[in-house]
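So the structure is just underneath, and the comments pick up after that.
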């Protein structure tokens, strides 16, 4: 009898038959031919579609089709004949690369050095719960005790059948061996801690989102980002700040598994029939009683579904936890894959499967969810106290919404004062663009003065707002913003109210204000002390005046334009707007204290003390070389290199936004942030609740926010355009962009409701 593992040299006859049918070499040739054909057709489509669109308006369609096809085919042949044209184009990427990695490194080093106590406070609850639940409880109890606990938990919450299944499953995990049981207990504890923390954070957050629309508008984009980003990206900051192990793995798991619980809790609260809630309030129930006695009981199914989905996502993170150095069954499977250990993979995979099924069944809601022991006891106790039906059947309640006939849009014509504002805004745009073409700087240049101590070749030269040594991307940002203002004037003059809503008075205010912020940033930017041959020319002043004229005129325009909301706005003070702008101001302060220029040159970090050490090492190296001690020479050379590398990592090479070497843009951003917070007082309803009044002030806030965004982007792009490769922009500009986005988003909901057509004004 042949050995079980014995095989012929050329394989089993089934394998040989399959190999003849599916020749891999022929398959590769076919795949290459298909790929080439697809590439050719794709490029052909890229050339042909715009040509057909260009010639499509002609009358003789047959001739144009043939001509377009010939031109497209010629374009494809030319494109494929130019060889390494793509590679030559890609070479420019190294000259314009965004230093995101340097920004992340700056943030990480600063947090590690300055926020040790804060990180310890964040780490403490996770570490404490893991020690109590995993080390002191699950690993401290016997195997059978945990199995019996699972039996009673399943019986109490889901039913006797689920309890018995949980008991048998954990029993099998224990019978695999003591090592497997310990990892099973660690896995259960790890998941339990993550789910408990998700419940503590997720359910209150979901309830707040379901009851307050403003909270949901803030939380929703955060949840979208959390679910889009891959778990490997989550892993990196937690590893950098908290190291490897169970604690950081639990934090990553909590962040990954939290969004479904918040979303489903919010959905469950919002799906409670409004008539039931209003009936409870009509009978005198407080908001706390409405929440605890009406909304949460009726949303129970959604809550349980959210907890179940959170648990399943936590289970799916066990592999990532193993990579982060955490224990549990994930580590066994990771080790089995690394070592190709089939036996370990089989036993660990079975235990992993059983744990996942048991935890899923314990938290999974279904039609028999009330069959649990605790559910039956609660129902019996409720019937003894209040036998009548306390709440109506949610399925029988119906929400009646009367049909409302939408009125035809009522576009208002231009008014004389509105025309005056439009004319002034257009004149300001022309002046600002004309100023960009005039000389902005003389001598060493505006942005290049931060990239180089002194460029002798630029002495005596002048540069306009588009030149790299002039305004650079500050000028391009002003051009972009003023172009939108000009387009808004043109669109409103042609067809008032019938174009994009941003091509109107609100859009003119937003982008004229943002252009003014960027122009003031270009005008007020500080010059490094090392630069002597530098002066600003009259072009930047002309541009600033044009932006100011455009802003004043746009404000006159929006204050006289017949803009109205499409639906009545909620009354009351907009506290969320103040909170959002306050957070934006905090980001601006952090931005100012963060780095705006980051110098990685070795000569920039060698202090006098370090230079003395380096000189001493060089002297010792010369003596060792004279004595013929090559080993000592090599050791001293390595020490010399290590000292310079350490100085580059830890040296004072980051300049914040409040200093001259950091351009002083932190002060400009701080002034804009304080102005936005002042404007938020009338924009939040403290002075008047009139809808148009709020709308006008909100447009100013949005303009200030976009101005901060444009200022941060302009600084990053300008430094990338003129700086040496080892001198990059700092993370402060990134924080400034975030602050601008936060400020602009705080008023987006109000601005989006307004249009030139009066929708509900006739019926109010």
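The values are calculated or read from the model by the stated rules, or taken from the named source; none is laboratory data. As the structure is a prediction and not an experimental result, all values here were calculated from the model. Note that we place each Cβ from the backbone using ideal geometry, even for glycine, and neighbour counts take in every protein chain shown.
Taking residue 234 as meeting all but one of (1) part of a helix (DSSP H, G or I); (2) under 25 Å from residue 140 (Cβ atoms), write down the number of the exception.
(2)
Just checking: which of the helices (runs of 4 or more DSSP H) contained wholly in the range 300-410 hold 1 or more residues that are assigned by TED's automatic domain parsing to the domain that holds residue 200, out of contact with any helix residue (DSSP H, G or I) (no Cβ under 6 Å at 6 or more places or on another chain) and at pLDDT 80 or above?
Qualifying helices (runs of 4 or more DSSP H): 300-316, 342-363.
Going by the conditions given, is residue 143 crowded, with 18+ Cβ neighbours inside 10 Å, in contact with a helix residue (DSSP H, G or I) (Cβ under 7 Å, 6 or more places away or on another chain), touching a residue at least 12 places away in the same chain (Cβ under 8 Å) and not assigned by TED's automatic domain parsing to the domain that holds residue 590?
Judged against the criteria, residue 143 is not a match.
In the set 450, 490, 541, which member is modelled with pLDDT under 90 and either within 20 Å of residue 671 (Cα to Cα) or within 31 Å of the chain's Cα centre (by Cα) (or both)?
450
Of the conditions (1) surrounded by fewer than 19 Cβ atoms within 10 Å (Cβ to Cβ); (2) in contact (Cβ under 8 Å) with a residue 12 or more places away in the chain; (3) within 22 Å of residue 741 (Cβ to Cβ), residue 209 fails just one. Which one is it?
(1)
Of the residues 508, 554, 521, which is farther than 21 Å from residue 416 by Cβ and in contact (Cβ under 8 Å) with a residue 12 or more places away in the chain?
Of the residues listed, the single one that is farther than 21 Å from residue 416 by Cβ and in contact (Cβ under 8 Å) with a residue 12 or more places away in the chain is 521.
Condition check ((1) closer than 27 Å to residue 169 by Cβ; (2) crowded, with 19+ Cβ neighbours inside 10 Å) across all residues:
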position: 279; (1), (2): no, no
position: 310; (1), (2): yes, yes
position: 320; (1), (2): yes, yes
position: 326; (1), (2): yes, yes
position: 335; (1), (2): yes, no
position: 340; (1), (2): no, no
position: 348; (1), (2): yes, yes
position: 352; (1), (2): yes, yes
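Before we move on, is residue 131 part of a helix (DSSP H, G or I), assigned by TED's automatic domain parsing to the domain that holds residue 197, under 28 Å from residue 195 (Cα atoms) and modelled with pLDDT of 75 or more?
yes
Which condition breaks for residue 485 when tested against (1) more than 22 Å from residue 416 (Cα to Cα); (2) within 30 Å of the chain's Cα centre (by Cα); (3) modelled with pLDDT of 70 or more?
Checking residue 485 against (1) more than 22 Å from residue 416 (Cα to Cα); (2) within 30 Å of the chain's Cα centre (by Cα); (3) modelled with pLDDT of 70 or more, the one that fails is (1).
Give just the number: which of (1) surrounded by 16 or more Cβ atoms within 10 Å (Cβ to Cβ); (2) touching a residue at least 60 places away in the same chain (Cβ under 8 Å); (3) not in a helix (DSSP H, G or I) does residue 244 not satisfy?
It fails just one condition, (1).
What residue, among those in the range 485-521 that are touching a strand residue (DSSP E or B) at 6+ places or on another chain (Cβ under 8 Å) and surrounded by fewer than 23 Cβ atoms within 10 Å (Cβ to Cβ), is farthest from residue 679 (Cα to Cα)?
Looking at the filtered set, the residue picked out is 497.
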